[in-house]
Amino acid sequence: VRKILNIKMFDDDNNKKWNKSVMDKNYEILCISQFTLYHILKGNRLDFHKAMPAQEAYSFYNTFLIELGKNYNPDLIKDGKFGAMMEVDIRNSGPVTLEIESPFKPSESNQSNN
């Protein structure tokens, strides 16, 4: 949550690149739970077996939204319907796409290496 709110990824008023955050600009945030980002390829097929189970993911996602709302203006936080097929129209200002992932806990990374 802190990283999403504070990462400097927008221009400032003097057009200096990478100098303002979502909070600095008072921008809206659109949150969409998208398990398909956590896929692996098995031949020509997508495999999602490493994605979090739906119930656990639902709880995690809701906790994330609550924490986001505690640290930012809740009126500026928008979200989709969890687990639903949606059409989302966005306009990128860029082209810039950032992927922000939480690091594994030490015990998780050790297990994945065994």
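All of the numbers you see were taken from the coordinates with simple rules; none came from a lab. Here the structure is a predicted model, which is why all the values come from computation and not from measurement. Because the Cβ atoms are built from the backbone with ideal geometry, glycine has one as well, and the counts that use them run over all protein chains shown.
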query = Between [x] 1.25; [y] 1.07; [z] 1.00, which matches Cα Rg over 2.2 N^0.38 Å calculated for the structure shown?
reply = [x]
ask   = Relative to the Cα centre, what is the charge dipole magnitude of the chain, using +1 at the beta carbon of each Lys and Arg, -1 at the beta carbon of each Asp and Glu, and rounding to the nearest 20 debye?
value = 240 debye
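Which whole-number percentage describes the relative contact order of region 1-113, with Cα contacts under 8 Å and a sequence gap of 6 or more?
Numbers: 89 pairs, mean separation 25.3, N = 113.
Taking the mean separation of contacting Cα pairs over the length of region 1-113, I get 22 percent.
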query = Counting only residues 5 or more places away or on other chains, whose amide H sits under 5 Å from the amide H of Asp79 once H atoms are built in the peptide plane?
reply = Cys31
task = Set Lys and Arg Cβ to +1 and Asp and Glu Cβ to -1, take the dipole of region 1-113 about its Cα centre, and tell me which of Ser33, His49, Met85 lies farthest positive.
result = His49
key: Extended-chain gain in nm, criterion 0.36 nm per residue less alpha-carbon gap, Asp24 and Ala51   = 6.4 nm
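When the helices in the chain are scored as -39500 (n - 2.57) per DSSP H run of 4 or longer and the sum is shared across all residues, what 222 nm value do you end up with, to the nearest 500 deg cm²/dmol? Provide the component values of the computation, followed by the final result.
On the way: 4 runs with 35 residues, N = 114.
Taken over the chain, the calculation gives -8500 deg cm²/dmol.
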query = Quick one: helix 54-71 against the long Cα principal axis of the chain, what's the angle to the nearest 10°, folded into 0 to 90?
reply = 20 degrees
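Once R0 is set to 35 Å, what does the formula 1/(1 + (r/R0)^6) return for the Cβ-Cβ distance between Leu41 and Asn14, expressed as a FRET efficiency to the nearest 0.05? Kindly include the intermediate steps, with their values, before the conclusion.
On the way: r = 44 Å, r/R0 = 1.25.
That gives a FRET efficiency of 0.20.
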request  = Obtain the nm distance between the two label points defined at Gln34 and Thr97 by a simple spin-label model: each point lies 7 Å from its Cα along the Cα-to-C-beta direction.
outcome  = 0.7 nm
request  = Please give every one of the lysines within straight-line cross-link reach of Lys8, meaning a C-alpha to C-alpha distance under 23 Å, and leave out same-chain neighbours fewer than 8 residues apart.
outcome  = Lys16, Lys17, Lys20, Lys25, Lys70, Lys78
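Among Met52, Met85, rank each residue by its count of other Cβ atoms within 10 Å, from fewest to most, as a rough exposure measure. Intermediate results must be reported in sequence, preceding the final value.
Working: Met52 15, Met85 5.
With the sparsest Cβ surroundings first, the list reads Met85, Met52.
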